1. As a quick test, which of the pairs Lys301/Lys412; Lys41/Lys126; Lys273/Lys301; Lys61/Lys242 have an alpha carbon distance above 31 angstrom in this structure?
2. Give the calculated FRET efficiency between Asn375 and Val404 to the nearest 0.05, with a Förster radius of 45 Å applied to their Cβ-Cβ distance.
3. May I ask you to give the solvent-accessible area per residue for the range 326-474, in square angstrom, as obtained with a 1.4 angstrom probe?
4. For Ile283 and Asn250 in one chain, what is 0.36 nm times their gap in residues minus the Cα-Cα distance, to one decimal in nm?
5. Based on the Cα gyration tensor of the range 369-474, what are the three equivalent ellipsoid semi-axes, each the root of five times an eigenvalue, rounded to whole Å and given largest first?
6. For Val354 and Lys158, what does the FRET efficiency come to when R0 = 56 Å and r is the distance between their Cβ atoms, rounded to the nearest 0.05?
7. So how strong a dipole does the range 66-158 carry about its Cα centre when Lys and Arg Cβ are +1 and Asp and Glu Cβ are -1, to the nearest 20 debye?
8. State in Å² the accessible area per residue of the range 46-161; use a 1.4 Å probe, count heavy atoms of protein chains only, and round to the nearest integer.
Amino acid sequence: MIKEFKKSVYFILPILLISLFVTNNVFAQEDEFKESFKTAKDHSLNGEYRQSISIYDEILKNQPNNNSALKMKGLALSNLDEHASALKQFHQALRVNPNDTTTLTAMGVSFGSLGEYQEALVYFNKAKKQDPNSEVIKNYTQYIEEFVLKYPYKPTSKTQGFLNDQGIVPKWVTDITNWWAIAEITDEEFFSSLEYMIEKKMIKVPKEQIVENVNELKMLTSIKSDLELLSNEPSSNRIFFKNVQWLMDNNLINAEIKKTQEDLDYEDFLFNKYLRDIENNMIKERRYIDFPNPSEEVIKKFLRDQNKWNYEQQVTSSSSHFPDPTYQIVNQTYIITYKAFVNEQPQSLPLDHVNTLKNSFQFWEEQELKVKEFNAKMNFEIINEKQDATVWITWVVRNIGEGVLGHAHLGKGVVEVALGDFNCNGKFELYDIKTLETIMTHELGHTVGLPHTNDRKNIMYPSMTPTYAYCIID
């Protein structure tokens, strides 16, 4: 017994040592990858996209299916305007995680940057399904939809796939569907049959043929009604696949489609051909492309006309040069009136901050402050003459200080609000509407004479984390 026990110890000990070695090795590798990602991100923030791509390539040598490395490499390529190459990375990343919101949005941005706006909208809609409340996806979608309305174009056609990608419904599948429609078989039996046929690739849902609004609200009775008249006519086949897609999207059919390497290779072939066709059409058509992210155009035009937008010289001067706000006392309450001159927005700015300024004015007009023994209410009046203004309001791109979101003279004077920064991915990115409104409301608080506060919930708290209108990085 003692000898056997010792043998067991000797046998277990190497296993424990190997296990400890493997575990430590995994942790060391994870730490190494974290450090590599941090270095790559730092390169991107400095605009050094080639250096970040080299790091992602090294990671992908060891982990070819690393979703983060695939999509971040794609984003770096996109920042270099190499959108076809970026799309290939995103295409691979979606194989690893088909529901990754960032990758789906990035696909939309890159297709939009190649002038394929309908395809871009397909991916934005998929991303929206994963994150319905995303302002970034909403902004991209709205921008492209408005552009397509103004400038119609001809999308590049796709090569159809193989097997049943042509959308043919076999006769015996039609029979099973009809049995379900007339209640010859139960829902469970029909769904199980579909799952089996899809998994065995007896039928293949041609996604390219699915019409829009597949996510509409439906009842099974309406699907039965759709499929009751199913025949081998192409239009009926289309209805069949649309309804099958709805059943899959709503988890009534949970078919796990396992693709062979041949399937994956063929998908790559079709996708790469599609990209080549797009690039050829761009040359043939001399296609006019309006990039789906307008941030770059805003900063180009801003810097070109920066003297028109910036109040840098006035900011350095004293607020004493401005007229004092006027006031009157009504029922022991000071009614203080600020005359505001509002500078026009920079050209190409897609977001209307002038209208959100009304919300900032309204916020302060609803507050009641104390002036000596009296209450005080604020009133803002927009005027057209700069020299008569108590406060000048503008949105700027210039650097107003490291990490500074806005600037205002205390009591009266200039109010500046930064439109965006370079902290998302190394390129200038616009803040979203809510961020700009919050900064403007804070700076107007200084205009009415309020200092900073230590209360994090108060609008006068001195810091916030901005959110972006078009930045898609997690």
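The values are calculated or read from the model by the stated rules, or taken from the named source; none is laboratory data. Only a predicted model underlies this, so the values are computations on that prediction, with no experimental measurement involved. Every residue, glycine as well, gets a Cβ built from its backbone with ideal geometry; the counts of neighbours run over all protein chains shown. The area values use the complete protein model at the heavy-atom level, side chains included, leaving out ligands, DNA and RNA. Shrake-Rupley method; radii C 1.70, N 1.55, O 1.52, S 1.80 Å.
1. Lys273/Lys301; Lys61/Lys242
2. Calculated transfer efficiency: 0.90.
3. Details: 7320 Å² over 149 residues.
I get 49 Å² per residue for this part.
4. Working: separation 33, 0.36 × 33 = 11.88 nm, distance 4.12 nm.
So the chain would gain 7.8 nm between Ile283 and Asn250.
5. Working: eigenvalues 153, 61, 24 Å².
Square roots of five times the eigenvalues give 28, 17, 11 Å.
6. After rounding, the FRET efficiency stands at 0.85.
7. Values: 11 positive and 9 negative charges, 57 e Å.
With only Lys, Arg, Asp and Glu charged at Cβ, the dipole is about 280 debye.
8. Using a 1.4 Å probe on heavy atoms only, each residue of the range 46-161 averages 45 Å².
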